[in-house]
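The values are calculated or read from the model by the stated rules, or taken from the named source; none is laboratory data. Just so you know, these numbers come straight off a predicted model, no measurement behind them. Every residue, glycine as well, gets a Cβ built from its backbone with ideal geometry; the counts of neighbours run over all protein chains shown. Ligands, DNA and RNA are excluded from the accessible area calculation, which covers all protein heavy atoms including side chains. Shrake-Rupley method; radii C 1.70, N 1.55, O 1.52, S 1.80 Å.
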2 protein chains.
Amino acid sequence: MKAAPTLSLLLDEQLCFALYAASRAMTSAYRPLLEALGLTYPQYLVMLVLWEQDGLTVRELGQRLQLDSGTLTPLLKRLQAAGLIDRQRRSSDEREVEIRLQPRGLALREQATPIPGCLGNRLCLSLEDVQHLRDELKRLATQLNHPSHEGN
Amino acid sequence: MKAAPTLSLLLDEQLCFALYAASRAMTSAYRPLLEALGLTYPQYLVMLVLWEQDGLTVRELGQRLQLDSGTLTPLLKRLQAAGLIDRQRRSSDEREVEIRLQPRGLALREQATPIPGCLGNRLCLSLEDVQHLRDELKRLATQLNHPSHEGN
DNA sequence: CACAATTAAATTGTGTGCAATATAATTTTT
DNA sequence: AAAAATTATATTGCACACAATTTAATTGTG
């Protein structure tokens with residue numbers, strides 16, 4: 001076990017800042033496209049999950065997106081107010097709230113289909129490079145979320 | 001010029017979600033370490049810039065971090081309230097507000113030096129891999145921020 | 001069955017991000 | 001030099017994120 005090496009405090013050398021800046025740049029790039037659908041970026045992510053699997057609970061949505069009810073509850077209320085989803089307590093377990101797509105929410109999927117390709121075009125990366133970067137980021141997130149201190 | 005290929009709408013295939021999740025995981029990993037310094041993650045980024053170059057204006061800080069005054073003004077007021085920085089209108093141009101480290105803000109640098117190494121340890125990546133990922137993310141952010149539509 | 005422990009959402013409070021607007025100082029133009 | 005345009009910051013309003021607490025429903029235990 002060796003001590004943590006002292007790395008630079010220079011902003012431009014930080015992986016964390018590159019990640020933070022790239023994530024916000026990505027959200028900004030989506031914004032004008034999603035505005036046409038009346039969605040914010042986190043709302044779009046919720047819709048992606050629901051288009052894949054409808055009828056999930058708030059908890060299950062949260063597991064998928066790594067978001068808690070403090071974030072999801074108001075977001076889902078806005079999607080409901082927009083007529084895209086419905087929120088219903090489950091009769092089998094009244095603690096759980098089931099989220100179901102409304103016709104307007106389901107129909108929105110058609111308008112969303114061109115969006116990933118549209119964004120992909122801007123990246124100037126091959127599909128393989130995008131997939132590789134995506135998988136590296138997934139591994140990074142997994143490492144950071146697990147407190148498996150000793151590894152390497 | 002070919003049409004945008006229709007890519008998947010599956011959450012787990014999206015680069016954007018991997019980026020979003022990794023960025024939040026990174027911020028969460030920093031949180032307990034920064035809490036010991038009394039800083040939030042964006043506040044830490046501001047301090048990184050000031051430790052590199054003191055006396056920048058709000059505008060210059062914003063250029064460096066890609067943040068506007070709507071975000072920075074309240075954040076800087078909190079750093080000022082914590083006694084870490086000072087905010088002063090420049091006499092040469094009264095529109096500009098100069099940010100200067102206070103002794104406590106300068107001293108905090110010592111406590112921050114082990115942090116990057118501490119986080120680096122968790123990544124289970126070689127230094128070269130971290131640098132490569134960082135540079136890929138920088139290129140990605142540059143591409144996304146520039147509307148240079150045709151490229152590749 | 002009663003009651004403690006657990007679980008799922010919702011609520012509350014703080015701190016970003018960011019668009020839009022306002023305010024004030026400086027520069028440019030006429 | 002006065003008016004118009006520009007620039008820098010601050011303010012306002014909305015939507016996340018997330019910790020901490022609350023509320024309500026369910027499960028586990030004696």
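Taking the stretch B:56-67 as the search range and keeping residues that are open to solvent by less than 10 Å² (accessible area, probe 1.4 Å) and in contact (Cβ under 8 Å) with a residue 24 or more places away in the chain, which one is nearest to the chain's Cα centre (by Cα)? Among residues in the stretch B:56-67 that are open to solvent by less than 10 Å² (accessible area, probe 1.4 Å) and in contact (Cβ under 8 Å) with a residue 24 or more places away in the chain, the one nearest to the chain's Cα centre (by Cα) is B:L61. Apart from one condition, B:E52 fits all of (1) in contact (Cβ under 8 Å) with a residue 12 or more places away in the chain; (2) farther than 21 Å from A:A22 by Cα; the exception is (1).
Do we have B:L76 as crowded, with 20+ Cβ neighbours inside 10 Å, under 20 Å from B:N145 (Cα atoms) and more than 7 Å from chain A (Cβ to nearest Cβ) here? Please lay out each step first, then the result.
On the way: crowded, with 20+ Cβ neighbours inside 10 Å: yes; under 20 Å from B:N145 (Cα atoms): no; more than 7 Å from chain A (Cβ to nearest Cβ): yes.
Answer is no for this residue.
Among residues of the stretch A:136-152 that are open to solvent by 80 Å² or more (accessible area, probe 1.4 Å), those with a Cβ under 7 angstrom from a residue that is in a helix (DSSP H, G or I) and modelled with pLDDT of 95 or more, sequence gap 6+ or separate chain, pair up as A:N145/B:A25. Residues in the stretch A:56-97 that are of a type in the set (K, R) and within 7 Å of DNA strand C (Cβ to nearest atom): A:R59, A:R87, A:R95.
In the stretch A:11-23, the residues that are within 7 Å of another protein chain (Cβ to nearest Cβ) form Cβ pairs under 6 Å with partners that are outside any helix (DSSP H, G or I), at six or more places apart or across chains, as follows: A:A21/B:Q66.
Give me the helices (runs of 4 or more DSSP H) completely within the stretch B:89-152, filtered to those with at least 3 residues that are more than 13 Å from chain A (Cβ to nearest Cβ) and more than 16 Å from the chain's Cα centre (by Cα), ordered by residue number.
Answer list for the stretch B:89-152: B:103-112.
Within the stretch A:8-47, being more than 12 Å from DNA strand D (Cβ to nearest atom), open to solvent by less than 60 Å² (accessible area, probe 1.4 Å) and closer than 22 Å to A:L140 by Cα holds for A:S8, A:L9, A:L11, A:Q14, A:L15, A:C16, A:F17, A:A18, A:L19, A:A21, A:A22, A:A25.
On the given criteria, is A:A81 within 13 Å of DNA strand D (Cβ to nearest atom) and open to solvent by 70 Å² or more (accessible area, probe 1.4 Å)? Yes; evaluated as a whole, the condition is true for this residue. The residues on offer are B:Q88, B:Q111, and the sole one that is farther than 27 Å from A:E13 by Cβ and of a type outside the set (A, V, I, L, M, F, W, C) is B:Q88.
Of all the residues in the stretch A:34-88, those that are under 13 Å from A:G105 (Cβ atoms) and of a type in the set (S, T, Y) number 1.
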